[in-house]
Amino acid sequence: MASGFRLIFATSLLLALLDLCRGSTIGICYGRNADDLPTPDKAAQLVQLHNIKYVRIYDSNIQVLKAFGNTGVELMIGVPNSDLLAISQYQSNADTWLKNSILPYYPATKITYITVGAEVTESRSNFSAQVVPAMRNVLTALKKVGLSKKIKVSTTHSLGVLSRSFPPSAGAFNSSHASFLKPLLEFLAENQSPFMVDIYPYYAYRDSPSNVTLDYALFESSSDVIDPNTGLLYTNMLDAQIDAIYYALMALNFKTIKIMVTETGWPSKGSPKETAATPDNAQTYNTNLIRHVINNTGTPAKPGERLDIYIFSLFNENRKPGLDSERNWGLFYPDQTSVYNLDFTGKGSADVITQANVTSSNVTTWCIASSKASELDLQNALDWACGPGNVDCTAIQPSQPCFEPDNTVAHASFAFNNYYQQNGATDVACSFGGTGIKVDKNPSYDNCIYMTAGSNKTVASNTTAISSTSSFATTNRVPTWMFSCLLGTFMLVLSKS
């Protein structure tokens, strides 16, 4: 009996240790409100190519779930508002939804979160009363099949759920939502589920430019904003908005609920009056956001606190209503070329590459495939380069000068270099998910000539950057002493069990 208890305790301790080892994460939202998007299979390939490990979708579309099977990508799926009534009324409806939407694809498709409803307080229809009953029924359905510990249940909110967000320490929920929020927060606390919120500093600046500076919204501020109640210094609006939610939760005595940002981003194009919606600003915001998250700095009120944040969105969506900006939040166009150059690792520069700003270097370099990369990773990168990457791969076809040697490393090297040279010969343009490497020795041979930056005819403005293997992944920064202590305790307990 004692031995079994120790084993259970050791297992629980290991799970806690693994959770501690997981740092802040960056994911992406995959909306599909468009009529010109690539198939889910191609979207999944694009996600994998960029080493994006966390994806949010807004429903439980069968084709999307199948496409992400066996990819290792963690999915957040959704119950649309239109389905809340049925799932909230009868447990059998929740059981059936789970049976049809999750069980046939899990665990091959790694579903980790279910959002039950989305921003219901912003909806003209009165969905609020249906959310918590629907969440309870979904959780009960998960418990029946033993998945309640592996798949968390929550719902998403807009920042409009707050009545006050400045200063952050005065953050407060809108009292008109009290009857909805109280049971919701109790559910989240009881089940250790996160409070999910969609936060857009862009809107704060667009709607109130006299009160919010663009630099502050873009993580570029040279001066701090001081919370007069706490003395905490804020260098960017996102942190301030997240802390406002923390303080609102604490004001209601919910001190253990974590916050997850399920949408944030910046549009690359807008209507004439939306002057801040530009590729440069979108690139700046998302680059600085990624850097901020992977540094694991947390927020001023919660330093070092893990932040899980999803960038909106994967593609531009041409069917979304409203101003032009609504259709231009994507990192990629439907043809899978990038809207602007983005360093997903947050470690390098992310200058937009255009014909006007490409500068030459005194040292000529080439980009080739790493011989240490796996065959699968190289093939995926090669397929991308010769497809969405717009590289002319004619030379590596049979009977062409670069076909021999007929192997993936050689073919990928030629394609990688063409892409690299055509897109400014930058470090980002040679990363290819960690499979590309720069060399200063000309890899040309026989009649197979590798181009250089000076020999390309044009430099595409719609370039895409495939980052190293850490891109859009978890950043781990657990203190060594803590890791060692927990691991040592686990091993001690296990040895005596």
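Quick rundown of the values:
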quantity	calculated
Members of the stretch 48-70 found to be assigned to a loop (DSSP other than H, G, I, E, B), farther than 22 Å from Leu307 by Cβ and in contact with a strand residue (DSSP E or B) (Cβ under 8 Å, 6 or more places away or on another chain), listed by number	Asp59, Ser60, Phe68
Single residue of Leu181, Leu185 found to be modelled with pLDDT of 95 or more, touching a Leu at 6+ places or on another chain (Cβ under 7 Å) and outside any strand (DSSP E or B)	Leu185
The stretch 182-208 - residue that is of a type in the set (Asp, Glu) and free of Cβ contacts under 8 Å to residues at least 12 places away in the same chain and, of those, least open to solvent (accessible area, probe 1.4 Å)	Glu186
Enumeration of residues in the stretch 103-124 that are open to solvent by 50 Å² or more (accessible area, probe 1.4 Å) and either touching a residue at least 60 places away in the same chain (Cβ under 8 Å) or at positive phi (or both)	Glu119
Only listed residue being in contact with a helix residue (DSSP H, G or I) (Cβ under 9 Å, 6 or more places away or on another chain), of a type in the set (A, V, I, L, M, F, W, C), closer than 22 Å to Thr115 by Cα and not in a helix (DSSP H, G or I), chosen from Ile242, Ile257	Ile257
Failed item, numbered, when Thr297 is tested on (1) modelled with pLDDT of 90 or more; (2) closer than 26 Å to Ala248 by Cβ	(1)
Matching residues in the stretch 125-147 - criterion: being assigned to a loop (DSSP other than H, G, I, E, B) and buried (at least 19 other Cβ atoms within 10 Å of the Cβ)	Phe127
Members of the stretch 379-424 that are open to solvent by less than 20 Å² (accessible area, probe 1.4 Å) and either touching a His at 6+ places or on another chain (Cβ under 7 Å) or assigned to a loop (DSSP other than H, G, I, E, B) (or both)	Leu382, Gly389, Val391, Cys393, Ile396, Cys402, Asn423, Gly424
Those residues of the stretch 278-299 which are at negative phi, surrounded by fewer than 22 Cβ atoms within 10 Å (Cβ to Cβ) and either assigned to a loop (DSSP other than H, G, I, E, B) or touching a His at 6+ places or on another chain (Cβ under 9 Å) (or both), in sequence order	Thr278, Asn295, Thr297
Selected residue [surrounded by fewer than 17 Cβ atoms within 10 Å (Cβ to Cβ) and touching a residue at least 24 places away in the same chain (Cβ under 8 Å)] from Asp308, Asp324	Asp324
Subset of the stretch 148-175 [among the small types (Gly, Ala, Ser) and in contact with a Ser or Thr (Cβ under 8 Å, 6 or more places away or on another chain)]	Ser154, Ser158, Gly160, Ser163, Ser169, Gly171, Ala172, Ser175
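Quick grid of which residues meet (1) at pLDDT 95 or above; (2) more than 23 Å from Glu263 (Cα to Cα):
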| site | (1), (2) |
| --- | --- |
| Leu15 | no, yes |
| Ser24 | no, no |
| Glu74 | yes, no |
| Asn81 | yes, no |
| Lys110 | yes, no |
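The values are calculated or read from the model by the stated rules, or taken from the named source; none is laboratory data. Worth saying up front: this structure is predicted, and the values here are computed from it rather than measured. Every residue, glycine as well, gets a Cβ built from its backbone with ideal geometry; the counts of neighbours run over all protein chains shown. These area figures cover heavy atoms from the full protein model, side chains too; ligands, DNA and RNA do not enter into them. Shrake-Rupley method; radii C 1.70, N 1.55, O 1.52, S 1.80 Å.
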